[in-house]
Amino acid sequence: MTFRAILLSAALLAVPAAALGQGLAPDRPKGAPNPTANRYVEAPDFFKMPKGRDMGASSSVMGDSKGNIWVVDRCAANSCAGSKLDPIMQFDARGNFIKAFGAGLLQFPHGFFIDSKDHLWITDGVPPDGKGNKGHTVMEFGPDGKLLRTMGKVGAPGDGPDRFREPNAVLVTPTGTIFVSEGHTRGDKNTPRIIKFDAGGKFIKQWGSGGSGPGQFGQPHALAMDSKGRLYVGDRDNNRIQIFDQEGKLLGQLTQFGRPSGIAIDKNDTIYVTDSESKNKNEYGHNPGWKRGIRIGSLKDGVVTDFIPDSFVDAEGSSTSGGEGVWADGKGAVFSARVGQQDVVRFVRK
């Protein structure tokens, strides 16, 4: 059964999430959209790239259980199509380069997740110029660089249970259940969906469709999970995060974290949300009054406690800047993977 059969009414979403009896933080508690509080400062030149290798556009950064930090970039550019560079890079906890792999396997690495086995999961999409004959897949790699699994069919988009069309994000639960969000083309009313698979990759169910109503998506760009196993979907085009249980039941939404490109939730249910698109202009990214940057808060009360502003000076003139991927190491550092600036930066407490 699709999620359409269990859609909640629009009136339900007007009620603060905490009132739903689910123990969720309220939607939009009192406060400015761009708080002035910011306890973080950029620590420049953290990642030491190998000689002759530049960092490209990236929306992918995350740490493994051994303290290593992994970055997936777009081959020193904003596309890996035709490149011989390795896009998957491993660094130690101090930012020293260890190794890289993955050349020729990905054309537009997008979503990224490291599971409980330290396996690397990467979604591959379509470059902005449309060039390349790969994409539309979710790939699982071992930390040694071995390709363990490819879900979907390389270069062959589709809407069925065994195909993807521009997958945005992937998340794997501790028990191995796999969630994928897809639909990166703005205005597509049919593709946007969340797909659930078992640990073996067998299709279980899907939910969602294009639109702005409850359970619908403009662009399900990011996935994260809290300590209670609730799934947070960054519904970017609708300037909100929608919250579901693992069966697709809508539990609530959060709109106080801006236009979400990336979401990370730590073990204390602190949420980190990066906004790389908000602008005042009435065009793509329209979210008047909201600035680009990383908003940090607690899922216990929904209050945004910190705002790390985007460093790009002309947000109104660019489609994306600042982080599209975000990760926190649990030791006070926040990492931002940036497409517009083509880098990955580390922020630390002042």
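Scan the stretch 64-89 residue by residue and report those that are out of contact with any strand residue (DSSP E or B) (no Cβ under 7 Å at 6 or more places or on another chain), of a type in the set (D, E, K, R) and without any contact (Cβ under 8 Å) to a residue 40 or more places away in the chain.
K84
Could you please tell me which pairs satisfy a Cβ distance under 6 Å, a separation of 6+ or placement on different chains, a first residue in the stretch 193-218 that is under 17 Å from R163 (Cβ atoms), and a second residue that is of a type in the set (S, T, N, Q) and not in a loop (DSSP other than H, G, I, E, B)?
R193/Q206; I194/S181; I195/Q206
Mind listing whichever residues of the stretch 267-317 are farther than 25 Å from G23 by Cβ, hydroxyl-bearing (S, T, Y) and out of contact with any Gly (no Cβ under 9 Å at 6 or more places or on another chain)?
Result: Y284, single match.
Give me the residue from the stretch 167-208 that is over 25 Å from P128 (Cβ atoms) and of a type in the set (S, T, N, Q) and, out of that set, surrounded by the most Cβ atoms within 10 Å (Cβ to Cβ).
So, considering only residues that are over 25 Å from P128 (Cβ atoms) and of a type in the set (S, T, N, Q), the one surrounded by the most Cβ atoms within 10 Å (Cβ to Cβ) is Q206.
Give the stretch 7-45 a look and list any residue that's at pLDDT below 50 and among the β-branched types (V, I, T), or say none.
Result: V15, single match.
Could you give every pair whose Cβ atoms fall below 6 Å, whose first residue belongs to the stretch 15-40 and is farther than 15 Å from S298 by Cα and hydroxyl-bearing (S, T, Y), and whose second residue is surrounded by 13 or more Cβ atoms within 10 Å (Cβ to Cβ) and modelled with pLDDT of 90 or more, counting only separations of at least 6 or pairs across chains?
Pairs found: Y40/I308; Y40/F347.
For a quick check of your reading of the model, give me the residue pairs whose first member lies in the stretch 240-260 and is buried (at least 20 other Cβ atoms within 10 Å of the Cβ), whose second is among the polar types (S, T, N, Q) and in a loop (DSSP other than H, G, I, E, B), with beta-carbon atoms closer than 6 Å and at least 6 apart or on different chains.
R240/T255; G258/S278; R259/N239; R259/S278; R259/N287
The values are calculated or read from the model by the stated rules, or taken from the named source; none is laboratory data. Note that the coordinates shown come from a computational prediction; the quantities given were computed from them, not determined experimentally. Because the Cβ atoms are built from the backbone with ideal geometry, glycine has one as well, and the counts that use them run over all protein chains shown.
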